[in-house]
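The values are calculated or read from the model by the stated rules, or taken from the named source; none is laboratory data. All of these numbers come straight from a predicted model, not from anything done at the bench. Cβ sites come from the backbone with ideal geometry, for glycine too, and all protein chains shown count toward neighbours. Just so you know, the surface numbers come from the protein's heavy atoms only, side chains and all, with ligands and any DNA or RNA stripped out. Shrake-Rupley method; radii C 1.70, N 1.55, O 1.52, S 1.80 Å.
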Amino acid sequence: MADSVAAGLGEEKDTETEDKEREKLTGSSKIKSEKNSSPSEVTETLGFYERNAGKKGKQSSLSDLTLFRFIGTELTRGYFLEHNEAKYTERRERVYTCLRIPRELEKLMLFGFFLCLDAFLYVFTLLPLRVLLALVRLLTLPCCGLRAYVCPYCKKSSGSRLLQPAQVCDLLKGFIMIICYSMMHYVDYSMMYHLIRGQSVIKLYIIYNMLEVADRLFSSFGQDILDALYWTATEPKKKKRAHIGVIPHFLMAVLYVFLHAILIMVQATTLNVAFNSHNKSLLTIMMSNNFVEIKGSVFKKFEKNNLFQMSNSDIKERFTNYVLLLIVCLRNMEQFSWNPDHLWVLFPDVCMVIASEIAVDIVKHAFITKFNDITADVYSEYRASLAFDLVSSRQKNAYTDYSDSVSRRMGFIPLPLALLLIRVVTSSVRIQGSLVLVCLLLFYLGMITLKVLNSIVLLGKSCLYIKEANMEEKLFQTPPTAAPGRASSKTNRSRFTAPPGNPADEGVSPSITSQPVQQADSPAPGPGPAPGIPTSSSDQFLTTPDESEEKELAPDGTELKHRTPKKDLLEIDRFTICGNRID
């Protein structure tokens, strides 16, 4: 019995050992098969197998790697652009935007150029007539009598104003021009030319850069001086005096216009020296100075409002350069006894300066819009904003003159430039004989004709641009009560509460170019909004906020979160005349 049990156990052990041996054999066969099949199953990277492959696999893979196979792979490998369709569509739109920039920019520049030309011609044509009308009004005042209630001749009451505010401003402009013109006769242009010509090229280059910076600073502060004079002379009389007087303001304005005219004269003289230099090195250096603007502005962050400021500054700079080139041509033609052949000698240099200015503006604006994801359609908005200024200044209840509106918007002040041109023309052109008055009259009538035609075309184009931009309603808005200062206006905008039912008005700053109406001294009682809160929803036009910086209403709908306030394009003026300023 014991032998049988032992025999059974022995048989079971034998079967177990046989099973283990079979498993070992099958495992070793699997390993060998894996080793043999490893070269075909491993992944290939740049033609090399992984290190886990066997020696035979490595030998076979190295034998397959040849220079011709690598070149063939490089020549035949493919890729699919449609797998990233959104990316390439965006890149194509950027190219199309850059191609549209020159056309849209030149449309804006051309419109702005004729705006500046209209304001510039106003000084020579309509301003003298307006000054004469104001003088006639001032001289005919004694016919009314100081004690008469109503004059039987002019039907004016003695309690009315002696002169309207616009007539006072016209007289002040006329007196400033006359006084400054008499002072300009003491400035010798020839001595200034020879003094500048004796300097070295590098020194002249530095002088020209300093003059450009000084011109921007003068333009930024000059219109404030003139506005302070106009307001001081025309503000309603109050018991408490809050200014230093009209005469000190007038003397400050005369000094400013005279100094700014001298500055532009030195700038024109430096440009004239560059034109008359033998090797044209100074002219080349001055033209290359324009390309420095690309480095100083392209690689900065710009928004729509900042680009609008730069566009206005470029319009003013281009128009000023054209007038300076005109002055240079007049002075050179005088030196050569008005020989028309010399004009063709100057013509290539003039074209070169203009072409460099246009090329720099196109490249600058194209890359600014590319780097800041701004579309080319924004220039049509800028053009509509400038057209709004023109149309609003023609209204009956306008609160500013058109030339002053252009000065505030673009920083272009026509008085110093017009004064310099008058000085150069009167010293260069000498008409003798009995036909002097006839020639002057015909020239004056020609300028008036040009001014009227330019104004009519600009007004028609402006109405068309405003209609395309849907801005007709803004021309007839009642403006909110203006804050006394810039800081208080910002606080008022930050505390602005949106009226219920108008979610589009969140955080919108009121436009300052809406036309004023005569306001009563005391508000009428009754329900209604406060006088300082705007109620119209059309003030949001041309606001350019960042999506990440929009103001949002709190859950209770009564308070706005602290965000960067939106700024209307119609509020951009000479406060930011330097185009590279980033708020």
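Tabulated data
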quantity: Distance between the stretch 175-199 and the stretch 333-386 - C-alpha centres, whole angstrom; calculated: 28 Å
quantity: Per-pair calculated FRET efficiency, R0 = 56 Å: residue 301 and residue 71 via Cβ, rounded to 0.05; calculated: 0.75
quantity: For peptides 268-281, 79-92, sequence by mean Cβ density within 10 Å, most packed first; calculated: 268-281, 79-92
quantity: Rounded to the nearest 10 Å², the accessible area of residue 169 at probe 1.4 Å; calculated: 30 Å²
quantity: Label point at residue 321 placed 7 Å out along Cα→Cβ; residues across the stretch 363-396 whose backbone nitrogen lies under 13 Å; calculated: 363-365
quantity: Which of 344, 338 is most accessible, then next, and so on - probe 1.4 Å; calculated: 344, 338
quantity: Accessible surface, 1.4 Å probe, highest first, among residues 369, 426; calculated: 426, 369
quantity: Apportionment of accessible area to carbon and sulfur, the stretch 400-457, percent (1.4 Å); calculated: 77 percent
quantity: Accessible carbon and sulfur surface of the stretch 312-397 relative to its total accessible area, %, 1.4 Å; calculated: 66 percent
quantity: In nm, spacing of pseudo-spin labels at residue 89 and residue 139 (7 Å Cα→C-beta vector); calculated: 7.3 nm
quantity: The stretch 316-441 shape via C-alpha gyration tensor axes, a/c threshold 1.5; calculated: oblate
quantity: Ordering of 244-256, 382-394 by burial proxy (mean other Cβ atoms within 10 Å per residue, highest first); calculated: 382-394, 244-256
quantity: Taking the stretch 239-396 and dividing mean pair separation by its residue count, relative contact order in percent (alpha carbons under 8 Å, at least six apart); calculated: 32 percent
quantity: Tensor-based shape of the stretch 168-235 (alpha-carbon gyration tensor, a/c under 1.5 rounded, otherwise prolate or oblate); calculated: oblate
quantity: Residue 203 - accessible surface, heavy atoms, 1.4 Å probe, Å² rounded to 10; calculated: 100 Å²
quantity: Per-peptide average of other Cβ atoms within 10 Å, ordering 64-71, 123-130 highest first; calculated: 123-130, 64-71
quantity: Pairwise centroid distance, computed over Cα atoms, of the stretch 111-137 with the stretch 66-91, Å; calculated: 66 Å
quantity: Label-point separation, residue 341 to residue 106 (7 Å along Cα→Cβ), nm; calculated: 3.4 nm
quantity: Å² per residue, accessible surface of the stretch 232-368 at 1.4 Å; calculated: 46 Å²
quantity: 122, 181, reordered so the largest accessible area comes first (probe 1.4 Å); calculated: 181, 122
quantity: Accessible area expressed per residue, the stretch 59-138, with surrounding protein chains retained (probe 1.4 Å, Å²); calculated: 69 Å²
quantity: Gained length - residue 434 relative to residue 447, 0.36 nm times residue gap less alpha-carbon distance; calculated: 2.5 nm
